[in-house]
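To start, the structure itself, in structure tokens.
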Amino acid sequence: MLKFLYIFPLSIYLFSSINFVSNEYKVVNENENLRFGLNKNKAYKKYETEPFTQFNIRTITYSMKDLWNNLGILVHITNVGQYKYKFKISTYDSNGNYLENSNCMTHGEKSYYDLEFEFSDKTKMAYGLVTYVFEISDVYNTYVVGKFEMLSSTAILDYEHPSFAARTQIICEPNLGYSEAWGDYIELENIKEIYEIPTFLRFTLNDLKIRLKYEFAQNQKPRGQAFILFPIPEGFYEMSEEIQSLYDVIGDEINKGLARKDDNGESITFCNNNDFYVEQGTNHHSSKYQEGYEPTKDFCIPREFYPELKECYFGIKLRDFGWSGVNALINFKVRFTEYVPNPMYNVVGEIGEGEIDGNIDDSELVNVEL
């Protein structure tokens, strides 16, 4: 498991839902083109079933935000015959394992019904892709009238897993025999397996040029916040308070957040525009200027932690990004390739009084530790 200092909660802060009201399969909305204006990007997926013709089922809409707000799936049916029907929506996790079902019955006394299918934490807290299967049964048959998937907007990206598709909004048309899911697609570009940096525990994020390509379900500018996450050295909490305090100012810098440069309307590059102060030679931080410290936009780790962090993971936390409100942790590996613990230099010259001559014997040379 990777450990990071001051990790921000991967709270599921999702996008605002879009309300669709249909009348005989025609979408009615303040913007009638809203449904059809959703971009069919790499997150989009269409699912097909046999069209159900026994009675009318209005367009069904649902979102991850509805699920997290404890709202159920609303189903309105009309022209129902004088029979009893059982309606069931079951959910399955990303491995195909059954989670739960929500069911309703008709009693054969009305021709129309409004049904609501509610779900518990088994569905809400399932990790990864969740599949929903909508079935209707009579005394003779069971019909699958809807099938779709939703994927929460929490992602972990790295060199081996550089892309993620969040499916967070669905429309189901049982009478027409299909369902559709929309969301945002993000993908790391220019990501390396490992960044070799020839400076001792110090790097400029701007130079890494880590870029994130995005495809949103609707045309909009990238929103959200980004933060740098530092690794925690092995055994950090067993170290002395004095040593632990060297990380205090790092926490302050993390909270300032990163800048995001929109390169071309399709991708962003992460960079740091915040100045803080670091002591040359020790990499100790300060939140304000003091003697011996210089302003810098570089990220530095105190030299005391070199043995544990000469090769380590850093992270970029992306919060509430895009149309779906994606929360992503971007991991990148760094190897610091240069370290001279006690540098020694030969000083050419004479010690003592007198004139400096050009003839120096080896016995006159001394080592000076800096």
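Kirkwood hydrodynamic radius, computed over distinct alpha-carbon pairs, for region 41-181: how many Å, to one decimal?
Numbers: mean 1/r = 0.0630 Å⁻¹.
Across region 41-181, the inverse of the average 1/r is 15.9 Å.
With all protein chains present, how much of the accessible area of region 219-285 (probe radius 1.4 Å) comes from carbon and sulfur, to the nearest whole percent?
Values: 1420 of 3470 Å².
The computed percentage sits at 41.
With just the Cα atoms defining each centre, how far is region 53-78 from region 265-319? Give it in Å.
49
Could you state the accessible area per residue of region 205-274 in Å², with a 1.4 Å probe and every protein chain left in place?
Values: 3550 Å² over 70 residues.
I get 51 Å² per residue for this part.
Applying the Karplus parametrisation 6.51 cos²θ - 1.76 cosθ + 1.60 with θ = phi - 60° to the phi angles of region 308-319, what ³J(HN,Hα) value in whole Hz is obtained for each residue in order, glycine and proline being reported as x?
7, 10, 5, 9, 7, 9, 10, x, 10, 8, 9, 10
Can you give the convex hull volume of the alpha carbon atoms of region 153-267 per residue, in Å³?
Numbers: hull volume 19.2 nm³, N = 115.
In region 153-267, the Cα hull volume divided by residue count equals 167 Å³.
Too long at a 29 Å Cα-Cα cut-off: which of LYS42/LYS122; LYS213/LYS333; LYS147/LYS333? Display every interim value, and only then the final one.
On the way: LYS42/LYS122 27 Å; LYS213/LYS333 20 Å; LYS147/LYS333 39 Å.
Too far apart for the 29 Å limit: LYS147/LYS333.
Give me the net charge of TYR185's neighbourhood, meaning all other residues with Cβ under 12 Å from the Cβ of TYR185; Lys, Arg count +1, Asp, Glu -1.
Details: positive: LYS40, LYS42, LYS45, ARG167, LYS213; negative: ASP184, GLU187, GLU215, GLU266.
Taking every Cβ under 12 Å from that of TYR185, the sum is +1.
What does the convex hull of the Cα atoms come to per residue for region 114-215, in Å³? Don't jump to the answer; show the numbers that get you there.
Values: hull volume 16.0 nm³, N = 102.
Cα-based convex hull of region 114-215, divided per residue, equals 156 Å³.
The values are calculated or read from the model by the stated rules, or taken from the named source; none is laboratory data. Quick caveat, the model's predicted, so the values are computed rather than measured. When we count neighbours, we look across all protein chains shown, and the Cβ atoms used for this are built from the backbone with ideal geometry, even at glycine. SASA here: full protein model, heavy atoms, side chains in, ligands and nucleic acids out. Shrake-Rupley method; radii C 1.70, N 1.55, O 1.52, S 1.80 Å.
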